[in-house]
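The values are calculated or read from the model by the stated rules, or taken from the named source; none is laboratory data. A quick note: this is a predicted structure, and the numbers were derived from the prediction, not measured. Here Cβ is always computed from backbone atoms with ideal geometry, including for glycine, and neighbour counts include all displayed protein chains. Ligands, DNA and RNA are stripped out before the accessible areas are found, and what is left, the full protein with its side chains, is counted by its heavy atoms. Shrake-Rupley method; radii C 1.70, N 1.55, O 1.52, S 1.80 Å.
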Amino acid sequence: MLLETHGLTANYGQFRALFGVDIAVAEGECIAIIGANGAGKSTLMRSITGVIRNEPGMVLHRGTPIGALSSAEIMKRGIAMVPEGRRLFPSLTVEENLLIGGQARQVPGPWSLESIYGLFPILRERRKNSGTALSGGQQQMVAIGRALMSNPELLLCDEISLGLAPVVIRDIYAVLPRIREGGAAIVVVEQDIGKALAVADRVYCMMEGRVTLVAKPADVTREAIHAAYFGEA
Ligand code: ATP
């Protein structure tokens with residue numbers, strides 16, 4: 001497995017946010033993690049990327065425990081994150097934001113400034129603009145491009161559609177197959193159930209810090225998802 005969590009727990013002080021979460025991502029796979037506000041989706045992403053440390057054996061990359069590593073070390077192993085809220089560097093241009101993404105991990109792969117401008121042509125036009133001069137959708141493209149610049153094996157996308165217009169969301173989701181063709185596995189964290197089912201090979205639903213459903217989109221009913229998402233039948 002490319003990435004596994006086993007009985008993953010996470011706390012904020014006294015408050016426990018994750019209660020034994022098991023997920024697995026195979027090479028090249030796309031999984032979606034859905035759930036309502038506060039379900040623990042972002043906490044799961046933070047635990048995988050080393051923002052929140054965890055106990056040995058709870059997070060494995062290619063079978064090796066990575067829970068004690070720093071975020072920088074985890075990124076060097078090929079796990080890149082598109083954070084919720086995009087978090088661009090506001091004083092830097094689009095191009096500088098992209099270049100920063102490639103600095104932490106320099107390995108050969110499909111992604112470079114050129115191929116990212118091929119994926120998002122508008123970013124080439126805007127390359128000298130500061131990140132904050134862009135629309136929300138364009139900022140999201142920079143955040144995705146910045147993560148791709150490290151040529152990750154696994155791309156974690158935390159609520160990439162949040163606050164964007166439907167047409168922009170469609171454009172952003174349209175590039176995910178091209179990212180997979182480049183060889184990366186993808187985890188999308190998503191509140192929009194329809195988007196998640198459309199893009200993922202497998203969907204995990206979370207509620208109150210636990211996984212309540214794992215299914216292939218073709219095998220699952222709306223009722224089952226509704227129950228797992230909201231906790232009611
Ligand atoms: P959202 O869609 O709102 O981002 P989520 O599913 O990503 O929701 P998390 O952000 O992981 O959920 O939050 C899980 C739980 O942990 C919630 O109860 C939340 O209030 C709590 N929590 C999140 N961040 C912190 C923090 N920094 N300090 C304390 N509690 C937190």
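Across SER91, SER130, the residue with the most accessible area heads the list, and the full order at a 1.4 Å probe is SER91, SER130. Computed extension length for ASN37-LYS128: 29.2 nm, one decimal, from 0.36 nm per residue of separation with the Cα-Cα distance subtracted. With the whole protein complex present, THR221 retains an accessible surface near 70 Å², based on a 1.4 Å probe.
Contact order, relative form, for the chain: 27 percent (alpha carbon pairs under 8 Å, 6 or more residues apart, mean separation divided by residue count). Other residues within the sphere of radius under 10 Å centred on the Cβ of ARG202, judged by their own Cβ, net out at -2 (K and R +1, D and E -1).
With the charge dipole of the range 1-65 set up from +1 on Lys and Arg Cβ and -1 on Asp and Glu Cβ about the Cα centre, the Cα lying farthest toward the positive end among the listed residues GLY35, GLN14, HIS61 is that of GLN14. Rounded to the nearest 20 debye, the dipole magnitude of the range 3-230 is 400 debye, with +1 charges on Lys and Arg beta carbons, -1 on Asp and Glu beta carbons, and the Cα centre as origin.
Cα to Cα, under 24 Å, and not fewer than 8 places away if on the same chain: which lysines meet these conditions relative to LYS41? Cα-Cα hits under 24 Å: LYS76, LYS195, LYS216. Per-peptide packing, taken as the mean over residues of other Cβ atoms within 10 Å, places 50-56, 9-15, 31-37 in the sequence 31-37, 50-56, 9-15 from highest down. At a probe radius of 1.4 angstrom, the accessible area of the chain per residue rounds to 45 square angstrom. Extension gain, SER91 to ASN11: 0.36 nm times the residue separation minus the Cα-Cα distance gives 25.5 nm. The spread of Cα positions in the chain, taken along each principal axis and listed from longest to shortest, comes to 50, 38, 33 Å.
Relative to the longest principal axis of the C-alpha atoms of the chain, give the angle of the C-alpha long axis of helix 94-103, reported between 0 and 90° and rounded to the nearest 10°. The two axes meet at around 60 degrees. Listed by chain and number, the aspartates and glutamates whose alpha-carbon sits under 12 Å from that of LYS128, ignoring those within fewer than 8 places in the same chain, are GLU95, GLU96. In terms of packing, defined here as the mean over residues of other Cβ atoms within 10 angstrom, the peptides 168-181, 185-198 line up highest first as 185-198, 168-181.
Counting protein heavy atoms only, the range 3-230 has 53 percent of its accessible area on carbon and sulfur, 1.4 angstrom probe.
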